[in-house]
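We did not get these values from a lab; they are worked out from the coordinates using the rules stated. This structure is a prediction, so every number in the text was calculated from the model and none was measured. So basically every Cβ, Gly included, is an ideal-geometry build from the backbone, and we count neighbours across all protein chains shown.
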Number of protein chains: 2
Amino acid sequence: MIYPRVALIGLGLIASSMAHAMRAGGLTGEIVGYARSAETRAVARELFCDRVCDTAAEAVRDADLVVLAVPVGAMGEIAAEIGPHLKPGATVTDVGSVKQAVVDAVAPHMPAAVHFIPGHPLAGTEYSGPRSGFATLFQNRWWLLTPSAGTDPEALARLRSLLEAMGANVEDMDVAHHDLVLAVVSHVPHAIAYTMVGVADHMRRVSQQEVIKYSASGFRDFTRIAASDPVMWRDVFLTNKEAVLDILGRFAEELFVLQRAIRMGDGEHLHAYFTRTRAIRRGIIEAGQDTAAPDFGRSAPPAKEG
Amino acid sequence: MIYPRVALIGLGLIASSMAHAMRAGGLTGEIVGYARSAETRAVARELFCDRVCDTAAEAVRDADLVVLAVPVGAMGEIAAEIGPHLKPGATVTDVGSVKQAVVDAVAPHMPAAVHFIPGHPLAGTEYSGPRSGFATLFQNRWWLLTPSAGTDPEALARLRSLLEAMGANVEDMDVAHHDLVLAVVSHVPHAIAYTMVGVADHMRRVSQQEVIKYSASGFRDFTRIAASDPVMWRDVFLTNKEAVLDILGRFAEELFVLQRAIRMGDGEHLHAYFTRTRAIRRGIIEAGQDTAAPDFGRSAPPAKEG
């Protein structure tokens with residue numbers, strides 16, 4: 001048992017998966033939960049919480065670990081509410097996709113005797129809510145932590161051991177660098193996928209039925225990305241604005257160069273460009289993040305996702 | 001046996017998969033092949049062709065079905081070469097991802113006694129070449145045919161029965177409409193994926209190693225798309241220029257609206273936009289083109305791809 005009592009604030013995909021994983025591994029004695037919606041609380045009570053409270057302040061009382069698993073935009077308000085009720089020596093972490101904004105919103109409300117260690121599991125599915133969790137979600141996925149210079153090494157080691165016991169590969173990263181890396185590998189790809197799905201939705205001459213019917217040809221991966229939780233993604237773009245706009249600007253430039261090559265019929269440019277991208281793909285397969293199976297791994301064991 | 005003799009011109013992923021599938025189903029008596037590269041011809045001779053010829057003209061002699069499986073940009077030259085050597089009554093089809101350009105390039109070289117029926121299997125992997133084929137590639141995938149008003153119904157029915165015997169779902173479609181639909185569901189998503197991979201490649205502050213390491217978060221699907229055959233995709237963009245530029249223009253507009261909402265911090269706009277895209281995703285799952293499994297179907301049986 002790593003933490004005798006864990007409080008989950010917010011009871012969606014990540015929190016419910018943590019509950020299932022902690023229970024499966026015998027990693028905690030008691031799981032206490034809180035969510036804003038009464039319906040969510042009822043589901044959590046039935047499926048994965050030992051106890052569910054009507055307020056966040058009540059839920060964190062005497063908890064050894066508090067996990068903030070609400071949308072990034074809601075972190076500050078929750079932190080202000082629970083701050084005075086945290087047990088001295090407790091660890092507080094979060095699972096937000098953006099880290100600087102969470103640090104700015106949460107840290108001011110943390111008492112000196114509490115260890116605040118921001119975190120971000122690179123795991124997820126296109127489903128959300130308290131019924132969507134499952135114990136193996138974090139198996140072999142990255143879980144990034146962004147401790148500061150003053151973070152207590154023992155508290156960090158203990159949190160790390162919990163995450164590793166749930167199957168995650170834990171890495172420390174600088175807060176600002178986290179937000180830039182995630183803008184490149186996750187936030188901007190999501191913005192682009194949402195946009196392409198939006199374009200298809202607006203076409204008059206191509207019916208939505210046709211788009212859906214023939215979606216296997218590349219488009220399907222975009223819809224998969226674009227089906228994620230709208231509130232979570234709204235908050236990601238509002239709170240990681242600077243890095244996202246930087247990368248989006250570069251993307252637009254790059255796209256215009258490609259568009260111009262298509263318009264000019266510059267086959268040499270296109271061929272050279274498309275050849276370069278294969279190297280990155282090869283690197284991903286070699287890094288073991290994906291499979292080389294000809295069906296793109298869809299028949300292979302679950303690979304990393306998020 | 002549907003065609004006593006089939007000639008495959010071009011021996012890459014699609015042609016080699018057809019050979020494996022036709023052999024597995026006993027759908028033809030003899031498979032004759034031709035490819036420009038001597039190395040490819042040697043592999044085909046060893047793996048899936050009964051006979052391999054040194055010229056396309058020789059390969060099509062007495063063939064009942066000729067499949068043009070070369071990049072779209074090479075179709076015209078091949079058609080000119082084989083035209084005079086085609087058997088009267090033979091059917092010629094192709095597997096190009098663009099149809100108007102193929103019709104323009106090939107039709108003028110077809111003798112009156114030959115049935116030319118353009119086609120496009122929506123199937124593929126990120127691999128290419130004569131070693132990449134497998135018999136089940138077309139199982140439960142779409143194979144679009146674009147016959148004209150004058151196409152012989154018997155020849156069309158015979159070709160359709162071959163494709164269905166290889167496991168494909170065959171649909172007829174108008175040539176121009178095909179090119180627009182494919183621009184939306186395949187060509188532009190590929191252009192975008194290539195571009196995003198290019199952006200990541202150029203970043204200085206985010207190492208390529210980091211991009212690869214954390215690619216699971218959305219970016220991986222882009223690299224998967226962007227790893228396809230460079231020659232094939234160069235030709236797609238050169239030959240479906242009009243539809244691709246139309247859709248790319250709409251995409252850029254749409255992206256700028258999203259970018260502006262992010263810059264302005266317009267959370268309401270973002271939330272409403274991200275909510276709409278979920279409906280298309282639900283439609284795709286309901287249409288049976290994908291799975292609702294929480295691991296995105298990566299552990300489920302192969303789904304449609306292309």
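With charges set only on the Cβ (+1 for Lys and Arg, -1 for Asp and Glu), what does the dipole of the protein assembly as shown come to about its Cα centre, in debye to the nearest 20?
360 debye
When each copy gets a label point 7 Å from Cα toward the beta-carbon at B:V257, what are the spacings between them in nm, shortest first?
Result for B:V257, in nm, nearest copy first: 2.8.
Return the percentage of antiparallel bridges among DSSP beta bridges fully within the stretch B:81-178, rounded to the nearest 5 %.
Beta bridges within the stretch B:81-178, antiparallel portion: roughly 35 percent.
Report the Cα centroid-to-centroid distance between the stretch A:243-265 and the stretch A:162-197 in angstrom, as an integer.
The stretch A:243-265 and the stretch A:162-197 have Cα centres separated by 23 Å.
With unit charges on the beta carbon (Lys/Arg positive, Asp/Glu negative), name the residue among B:L86, B:Q100, B:M22 whose Cα is farthest towards the positive pole of the charge dipole of the stretch B:17-124.
Of B:L86, B:Q100, B:M22, it is B:M22.
Can you give the translational diffusion coefficient of the stretch A:79-197 in µm²/s, computed by Stokes-Einstein from the Kirkwood radius over Cα pairs at 4 °C and 1.567 mPa s?
Here the translational diffusion coefficient equals 83 µm²/s.
Please list log₁₀ I(q)/I(0) at q = 0.13, 0.25, 0.27 Å⁻¹ for the stretch B:211-288, using the Debye equation with identical point scatterers on the alpha-carbon positions.
Results for the stretch B:211-288 at q = 0.13, 0.25, 0.27 Å⁻¹ read -0.70, -1.09, -1.07.
Assuming a viscosity of 0.890 mPa s and a temperature of 25 °C, what translational diffusion coefficient in µm² per second does Stokes-Einstein assign to the stretch B:3-173, Rh being the Kirkwood radius over Cα pairs?
It diffuses with D of about 159 µm²/s by this estimate.
Please report, in whole Å³, the volume per residue of the convex hull around the C-alpha atoms of the stretch A:221-266.
Looking at the stretch A:221-266, the number lands at 84 Å³ per residue.
Chain B: which residue's Cβ hugs the B-to-A rotation axis most tightly, distance rounded to whole Å?
Nearest-to-axis residue on chain B, with distance in whole Å, is B:D221, 2.
List, in order, the whole-Hz ³J(HN,Hα) value for each residue of the stretch B:112-117 obtained from phi through the Karplus relation with A = 6.51, B = -1.76, C = 1.60 and θ = phi - 60°; use x for Gly and Pro.
Once θ is set to phi - 60°, the couplings for the stretch B:112-117 become 4, 7, 10, 8, 9, 10 Hz.
Under the Kirkwood approximation for Rh and a Cα-based Rg, what ratio Rg/Rh is obtained for the protein assembly as shown?
1.04
With charges set only on the Cβ (+1 for Lys and Arg, -1 for Asp and Glu), what does the dipole of the stretch A:3-173 come to about its Cα centre, in debye to the nearest 20?
260 debye
For A:G26, which inter-copy label distances result when the label point lies 7 Å beyond Cα on the Cα-to-Cβ vector, reported in nm to one decimal and in ascending order?
A:G26 label point versus its equivalents elsewhere: 5.8 nm.
Please turn the phi angles of the stretch A:48-55 into ³J(HN,Hα) values with the Karplus equation 6.51 cos²θ - 1.76 cosθ + 1.60 (θ = phi - 60°), one per residue in order, whole Hz, x for glycine and proline.
Whole-Hz 3J(HN,Hα) from phi for the stretch A:48-55: 8, 9, 6, 8, 10, 9, 8, 9.
Quick one: which residues, 5+ away or cross-chain, put their amide H under 5 Å from the amide H of B:G129? H built at 1.01 Å from N.
Here the answer is B:L13, since their amide H atoms fall under 5 Å of that of B:G129.
Could you compute Rg(Cα) / (2.2 N^0.38 Å) for the stretch B:65-112, with N its residue count?
1.02
Give the average over all directions of the projected area of the C-alpha convex hull of the stretch B:11-65, one decimal, in nm².
3.5 nm²
Cβ neighbours within 10 Å, averaged per peptide: list B:238-249, A:119-130 in order, most packed at the top.
By packing density, highest mean first, the sequence is A:119-130, B:238-249.
From the P(r) of the stretch A:154-226, can you give the percent of Cα pairs sitting at distances over 20 Å?
For the stretch A:154-226, the fraction of Cα-Cα distances above 20 Å is 54 percent.
Kindly point out which whole DSSP H helices in chain B project their C-alpha atoms 20 angstrom or further along the helix axis while averaging a Kyte-Doolittle hydropathy of 0.5 or above.
B:188-202
Can you give the Kirkwood hydrodynamic radius of chain A from its Cα pairs, in Å with one decimal?
21.0 Å is the Kirkwood radius here.
Count the DSSP beta bridges whose two residues both fall in chain A, then state the antiparallel fraction as a percent rounded to the nearest 5.
10 percent
What does the average come to when, for each residue of peptide B:231-241, you count the partner chain Cβ atoms lying within 10 Å of its Cβ?
Mean partner shielding for this stretch: 5.
Starting from the eigenvalues of the Cα gyration tensor, five times each then square-rooted, give me the equivalent ellipsoid semi-axes of the stretch B:163-274, largest first, whole Å.
29, 21, 15
Count the lysine pairs in the protein assembly as shown whose Cα atoms lie under 16 Å apart, taking only pairs 8 or more positions apart in sequence or on different chains.
4
Taking a point 7 Å out from Cα toward Cβ as the label site, list the nm distances between B:A112 and the same residue in every other copy, smallest first.
9.9
Specify the inter-centroid distance of the stretch A:30-105 and the stretch A:206-228, based on alpha-carbon positions, in whole Å.
Centre-to-centre (Cα) distance: 36 Å.
Could you give the dipole magnitude of the stretch A:177-265 about its Cα centre, charging the beta-carbon of Lys and Arg +1 and that of Asp and Glu -1, in debye to the nearest 20?
480 debye
Farthest toward the dipole's positive end in the protein assembly as shown, which of B:I262, A:T136, B:A112, given Cβ charges of +1 (Lys, Arg) and -1 (Asp, Glu) about the Cα centre?
A:T136
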